[in-house]
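Notes follow once the structure below has been shown.
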Amino acid sequence: GQASSTVALATTPWESARSGGGVSPVQASARVAPAVSSSTVTTMSALASALTVDTIDYNNGVVLVPGSYQLAKPGAAVDLRAQVTDAASGTYTYSWNTSGLSDATSITGTATANLKFSWNTTFSTTRTDSVTLTVTDPNNVQVTKTYTFQAFAGTGSSTSGTTWGTTLDP
């Protein structure tokens, strides 16, 4: 005699009902496993990961929203903290691109979850500044978010508050 073995395969409900509750050996032998490319594996990994990133302005108690303006106060200290929700475990990398923060000084933490800086004490005209955060999880899944700050003309300091111009630009 010839030895035989049975392989248990997952079935869809319609296959189970059609075959009386299981997969016959003929059905099992007729199945061919689909080819899986490395890009499919990466996509599946990204879907399984479900990496989400939220950033809070710790000093003001505000969750930053990409596509919305955050207020930049002259002379104010800024403490941005990235918070990650993910199914993956391991080391995450953080990268803050601060090239759009032309009105910021004393920038620290560009490779951490916690970016800190201070706004210049004077904004001569109304303008916007931006910062982009990229978070990479242990599976190399990336999320990138850009936050935009609206800076109105005015002066201020971290100790005395802000004095805005008598008129605000549109």
Residues that are farther than 28 Å from residue 52 by Cα, out of contact with any Pro (no Cβ under 6 Å at 6 or more places or on another chain) and of a type outside the set (Ser, Thr, Tyr), drawn from region 101-124: 103, 120
Among all residue pairs at least 6 apart or on different chains, which show Cβ distances below 8 Å where the first residue, located in region 50-72, is without any contact (Cβ under 8 Å) to a residue 60 or more places away in the chain and exposed (fewer than 15 other Cβ atoms within 10 Å of the Cβ) and the second is in a loop (DSSP other than H, G, I, E, B) and not hydrophobic (A, V, I, L, M, F, W, C)? 50/86
Which of the residues that make up region 115-129 are part of a strand (DSSP E or B), surrounded by fewer than 17 Cβ atoms within 10 Å (Cβ to Cβ) and not basic (Lys, Arg)? 122, 128
Residue satisfying condition, being in contact with a Leu (Cβ under 8 Å, 6 or more places away or on another chain), closer than 30 Å to residue 153 by Cα, of a type outside the set (Phe, Trp, Tyr) and at pLDDT below 95, within set 85, 108, 126: 126
In region 138-160, which residues are at pLDDT below 95, touching a strand residue (DSSP E or B) at 6+ places or on another chain (Cβ under 8 Å) and surrounded by 15 or more Cβ atoms within 10 Å (Cβ to Cβ)? 151, 152, 153, 154, 155, 156
Of all residues making up region 75-97, the number that are under 15 Å from residue 148 (Cα atoms), more than 13 Å from the chain's Cα centre (by Cα) and buried (at least 18 other Cβ atoms within 10 Å of the Cβ): 2
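The values are calculated or read from the model by the stated rules, or taken from the named source; none is laboratory data. Not measured: the values here are computed from a predicted model. Using ideal geometry, Cβ is built from the backbone for each residue, glycine included, and neighbour counts are taken over all protein chains shown.
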